[in-house]
Each structure stands twice: as structure tokens, then as C-alpha cells.
Amino acid sequence: MSGTFVGMPAFPKAAHEAVANTTLRANLKHATHTIRDKRAKAVAELDDWALLREAGKQIKDHTLRHLDRYLVQLEESVTAAGGTVHWAADADEANRIVTRLVQETGESEVVKVKSMATQEIGLNEALEGAGIAAYETDLAELIVQLGHDRPSHILVPAIHRNRGEIRDIFQKEMGSWGRPAPEGLTDTPAELAEAARLHLREKFLRAKVGISGANFMVAESGTLVVVESEGNGRMCLTLPQTLISVVGIEKIVPTWRDLEVFLQTLPRSSTAERMNPYTSTWTGTTDTDGPQTFHLVLLDNGRTDTLADDVGRQALRCIRCSACLNVCPVYERAGGHAYGSVYPGPIGAILSPQLRGTASDIDASLPYASSLCGACYEVCPVAIDIPEVLVHLRERVVQGGPATRQGNKVVLKPAKGHAAERAAMRAARWAFTHPAALTAGQRLASRTRRLHPRTLPGPGRAWSATRDLPAVPAEPFRDWWQRTHGGKETDK
């Protein structure tokens, strides 16, 4: 299991295989429709939802504009509270830091709170290579780990599994990871939850090192915030003697007051709850209470490159609510694994190609994993215009051009396989800047419309294989307008 899913095929191939899995599609449809319907009701309860959405956007944009200042303030605040801050430029550096910190404790196992940042860098695999066992404690992450699987959803990583599959995984795998599943385990939710609770309890009570991410970091106080629904986070954050938190540098908010906005929008957009059952905050260390050693690893891993892009940087506003996944018609049919990243769905289609670049086939294909319907933008609680970024990244893939990679300004070459698309766009640009040629082409197309094929030839066949070509009208709009209105404005 790898956080970056190295070696995955490009999205079209992976999605083609996924849509043939009827069980997967049924699981996804049931789960996403249930979550999004509940979310719509929860959001409708707030008359000022649009204002909260705009406030979240403004807070995030302000923080990103002044990220250098707030990062320094955060380091000073965490250090003053008794914590230690480490800076990681990329995944390898972050993994080395965390592995060293765990080894210095003398422990060989850790318990983990669900953390997309640690999945992004492949931390579990790095720890395993050093002889350290990392146990996921979130229920869905536990299912994924026991099943030797990969997460497929931001909020519900095991959304692609049904209850029967989960029962089978517990029965087969729990014994090799710790306490085995109870005899005669059924697929009822209560029994599955109890089996997970008993399995994890011994790990919570034994572990001396905990690893977490964070939903937010407060620059003014050095406080980290984790919101969750199961209580496993509270156990991981309070019982171990050493706590190591790996957090992306974009997760900062300037003040405690800023949390007011996100603690309203995040739970309603993610779990459709008015508030999270567990909201845990910690600031450094306190004698005799909680972990006595706290380390914060601030992760870049492509984030400053993303910040340098005027259009793409809005992806860094994301608060990982997963609302965009639950309304996306592409995600619902293809599932999360097809995206080849720990960040699936619409947000993954714009975030992964920026964090990792567009050199690989999978990353070059992700900006096309969308119908551009705009549903993702409508539900985003921080108003990320995902369709705008998708089009921007498509241009980067096809045209190449200036970008920032690893802090350096570079000029990207166009991706392979888009020569016909570039030629078509150049031809369209020429036609739109020559009105006479455009008019002649439109009239010719109308007069020969009975001869038009139902599918496109050559490279266009891939497009028309799954789409109906629009019918050409009997006459161009300009000719119709001239004939019916004489080229003059109608009376108002």
C-alpha cells in the first residue's frame, strides 16, 4: 500500500476497469448519495451558509498570501509551548525525521490518527522498512490496512467495501495484527464496531508513541486541532508519552477566532453533523497531562510550488471535507482508486498534479477526470473553483509552459499524445480570428450535414466512442439572425 500509488495506470484505463465492477459502483452510489443528501439538509439549516463559505475563503486566501509570516509565528508559538518543530521539504525528508524520532524513543510500534499527510508521503511503509509497526486506529483506515488495500475516499477511506466484505477482512486478518475477531462475527454494524473496538483497545493502552495529522494549526497560540467522530483520535493524542504530528504547511489559520468559521462548515460538509463529536486541541506539552514530548513536522512536498501558481493555489484552501467527491458523477462511477493518489475525486484531480507535477501518465490524465459540471464548486465550503483549475491544468498538460517545481522556475514540455488537440486548438483560434473563414466554414457544415459521420475519425474516435456528436443546424446562427431580424436589434 503506497500513498502515492506508484505504477498506477493513467486515469482513463483505471476508470475503465473500475466501472466494470458492479459491486464497487453499487457501494459508491449508495454511500455518496446518502452522505450528500444528509449534507444538503445540514447546510440548509444555516441561513448564513453563503457568508460562512465566503469567510472561509477569505481566511484561507489571506493566510496563503502571508504564509511565510504565519509559519514563523507558528514555530515560535509551538516552541514556546514546549514542542519541537521540524521542517520537511519533501516526503523522503519527512519520513526520515519521523523514523528517527520514533527510533530515539526505543519503541517499535506506533498508533496513528487518520492522516492524509502521512498517507501522502507513504509513512507507514517507511516505518515498516525500519522495523516499526504503524497501527491505524480510525475504523475505515483499520479496514483498509487489514485488507492490504488503499483508501478510496477522503472522509470514508473504505467506502468501496460493504459490510460483508468488512466482516470477512476482520475474520481473516485481525488475528495476525493483534486481538482476533470474535467467533461467529456477523456483518451487523454494532458487532463490527465492537470487534474493532476490542482489537484497538489493547493497542491504545500499550503504545508509547502516537502519530497524527491535524485539521488546523493556530499560528497565534501554536495549537493543533483534530476533528473526528470515533474517539480514536482522543486516545492517540492523550495516552502515548510521545506525540508526532505531520501536517501540511497550508493547514494554518492565523487566530483562534478563525476556527469559529471552519468548525461550522467542516462537520456539515463532511459528516453532515452540526458539530464534530470529538474536537481535540493541544498546545505543546503540559506536565503530568498528555504526551510529555511533542514534535511537529511541517510538510511542504510540493505545496510552495502550488502556492506559486496564481490559479492553482486555491487548491490549498481545501479543508478535506470530501463534499466534492460525494457530488461528482465521475467519482461515483470510477471510485477513488482510479485517481492513483491518496487525494481522489475532484480535489485530487487538481491537487495531485500540482504536488507531484504532470510528468507521469497518471498525473497528466487527472485534469481530464471531470465533466466540468461544476457541482464540486457549488458544494465546496471554501469556494475552490475546481473547474477553473482543471481547465488551467489541462492547458499546462497540452501546451506546457512556465511552472515551479521544487522551488525552481522551469518551462514544462507539452505532454505526449496531445499533438492533435494542440493542432485543433490552433485551427480554432485561427478561425475565430478570421470571421469570413468562420462564416464560410459554418455554411459549408450546414449544407453538408446529411453527410456527416456519427463518429469522428482518427484521434477523435476516442471522444465520440462514448458521446453523441451534436447535430449541425440547418443554417448558422448568424444567417438565421440576419434572415429573421435583418441584423438589427429587436424593439424592447
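May I ask you to derive the FRET efficiency for W480 and E194 from their Cβ-Cβ distance with R0 = 51 Å, giving the value to the nearest 0.05?
The formula returns an efficiency of 0.15 here.
Kindly provide the Kirkwood hydrodynamic radius of the stretch 359-466 in Å, to one decimal, from all pairs of distinct alpha carbon atoms.
17.0 Å
How much space per residue, in cubic angstrom, does the convex hull of the C-alpha atoms of the stretch 142-255 take up?
Considering the Cα atoms of the stretch 142-255, their hull volume per residue is 115 Å³.
Sequence gap at least 6, Cα distance under 8 Å: using those rules, report the relative contact order of the stretch 1-158 to the nearest whole percent.
23 percent.
Subtract the Cα-Cα distance of H30 and A424 from 0.36 nm times their separation in residues, and report this length gain in nm to one decimal.
137.8 nm
On alpha carbon coordinates alone, what is the Rg over Rh value for the stretch 34-85, Rh being the Kirkwood radius?
The Rg/Rh ratio comes out at 1.25.
Excluding residues on the same chain fewer than 8 positions from K29, give the lysines whose Cα lies under 22 Å from its Cα.
K13, K38, K41
Probe radius 1.4 Å, ligands and nucleic acids left out: which of M425, M8 has the largest accessible area, and how do the rest follow?
M425, M8
In the chain, which cysteines lack any other cysteine Cβ under 4.7 Å from their own?
When partners are defined as cysteine Cβ atoms under 4.7 Å apart, the chain leaves C236, C318, C321, C328, C373, C380 without one.
To check you understand DSSP bridge types, tell me what percent of the beta bridges within the chain (both residues inside) are antiparallel, rounded to 5.
So the antiparallel bridges in the chain amount to around 40 percent.
Which FRET efficiency, nearest 0.05, do A89 and D468 yield, Cβ-Cβ r, R0 60 Å?
E(calc), rounded to 0.05, equals 0.80.
Quick one: accessible area per residue over the stretch 226-366, 1.4 Å probe, rounded to a whole number of Å²?
31 Å²
Report the relative contact order of the chain, percent, no decimals, based on alpha-carbon pairs under 8 angstrom and at least 6 residues apart.
Contact order relative to length: 19 percent.
Considering the options G401, Q103, A323, tell which one lies farthest towards the positive end of the dipole of the chain, charges being +1 on Lys and Arg and -1 on Asp and Glu at the Cβ, about the Cα centre.
Most positive-ward Cα: G401.
Rg to Rh ratio, the stretch 231-344, alpha-carbon atoms and Kirkwood radius?
Rg divided by Rh gives 1.00.
Calculate one ³J(HN,Hα) per residue across the stretch 414-428 by plugging θ = phi - 60° into the Karplus curve 6.51 cos²θ - 1.76 cosθ + 1.60, and present them in order as whole Hz with x for glycine and proline.
Per-residue couplings from phi come out as x, 5, 5, x, 10, 4, 5, 5, 5, 5, 5, 5, 5, 5, 5 Hz.
If R0 is 45 Å, what FRET efficiency do you get for R447 and T23 from their C-beta distance, rounded to 0.05?
The computed FRET efficiency comes out at 0.35.
Please compute one quarter of the surface area of the Cα convex hull for the stretch 380-420 and express it in square nanometres.
Value for the stretch 380-420: 4.0 nm².
Which one of M8, H86, Q73 is farthest out on the positive end of the charge dipole of the stretch 1-151, using unit charges on Cβ (Lys, Arg +1; Asp, Glu -1) and the Cα centre as origin?
Final value for the positive-end residue is M8.
If you place +1 on the Cβ of every Lys and Arg, -1 on the Cβ of every Asp and Glu, and leave all else neutral, what size is the dipole of the chain about its Cα centre, to the nearest 20 Debye?
The dipole magnitude comes to about 2400 debye.
Tell me which lysines have Cα within less than 19 Å of K208's Cα, excluding those fewer than 8 residues away on the same chain?
Partners within reach: K112, K114.
Based only on Cα atoms, what mean projected area does the convex hull of the stretch 278-357 have, in nm²?
Approximately 7.5 nm², given one-decimal rounding.
Give me Rg/Rg_expected for the stretch 16-153, where Rg uses Cα atoms only and Rg_expected = 2.2 N^0.38 Å with N residues.
Rounded to two decimals, the normalised Rg is 1.42.
Output needed for the stretch 246-304: three equivalent-ellipsoid semi-axes, defined as square roots of 5 times the C-alpha gyration tensor eigenvalues, in descending order, whole Å.
After diagonalising the Cα gyration tensor, the semi-axes are 23, 19, 11 Å.
Can you tell me the alpha carbon radius of gyration of the stretch 343-408 divided by the globular rule-of-thumb value 2.2 N^0.38 Å?
Normalised Cα radius of gyration, the stretch 343-408: 1.09.
Largest first, please: the extent of the C-alpha atoms of the stretch 273-414 along each principal axis, to the nearest Å.
Principal extents (largest minus smallest coordinate, Cα): 58, 37, 25 Å.
Before anything else, pin down the relative contact order of the stretch 388-474: Cα pairs under 8 Å, at least 6 apart, normalised by residue count, whole percent.
Once normalised by length, the contact order is 17 percent.
Leaving ligands, DNA and RNA out of it, report the carbon-plus-sulfur percent of the accessible area of the chain at a 1.4 Å probe.
53 percent
Calculate the spin-label point distance for E54 paired with H66, positioning each point 7 Å from the Cα along the beta-carbon direction, and give it in nanometres.
Here the answer is 2.1 nm between the modelled labels.
Please report the orientation-averaged projected area of the stretch 1-97, defined via the convex hull of its C-alpha atoms, in nm².
11.3 nm²
Accessible area per residue of the stretch 81-122 at 1.4 Å probe, in Å²?
38 Å²
If one takes the longest principal axis of the Cα atoms in the chain, at what angle in degrees, from 0 to 90 and to the nearest 10, does the Cα axis of helix 256-270 lie?
It is inclined by approximately 70 degrees.
So what are the ³J(HN,Hα) numbers for the stretch 447-462, from phi and the Karplus equation (6.51, -1.76, 1.60; θ = phi - 60°), rounded to whole Hz, Gly and Pro as x?
Running phi through 6.51 cos²θ - 1.76 cosθ + 1.60 with θ = phi - 60° gives 6, 10, 5, 5, 9, 5, x, 7, 10, 7, x, x, x, x, 4, 5 Hz.
With all protein chains present, calculate the accessible area of I166 using a 1.4 Å probe and round the result to the nearest 10 Å².
We get 20 Å² for I166.
Which residues' amide hydrogens lie under 5 Å from the amide hydrogen of I211, considering only partners 5 or more residues apart or on another chain, with H built in the peptide plane?
Here V111, K112, V113, I244 satisfy the definition.
State the three equivalent ellipsoid semi-axes of the chain, derived from the C-alpha gyration tensor as the square roots of 5 times its eigenvalues, in descending order and whole Å.
Computed over the chain, the values are 45, 26, 22 Å.
Using only the alpha-carbon atoms of the stretch 166-209 as identical scatterers, what base-10 log of I(q)/I(0) does the Debye formula give at q = 0.23, 0.31 Å⁻¹?
-0.73, -1.13
The values are calculated or read from the model by the stated rules, or taken from the named source; none is laboratory data. Everything numeric in this text was worked out from a predicted model, so none of it was measured. Glycine also receives a Cβ, built like all others from the backbone with ideal geometry; neighbour counts cover every protein chain displayed. Protein only, heavy atoms only, side chains kept; ligands, DNA and RNA dropped before computing areas. Shrake-Rupley method; radii C 1.70, N 1.55, O 1.52, S 1.80 Å.
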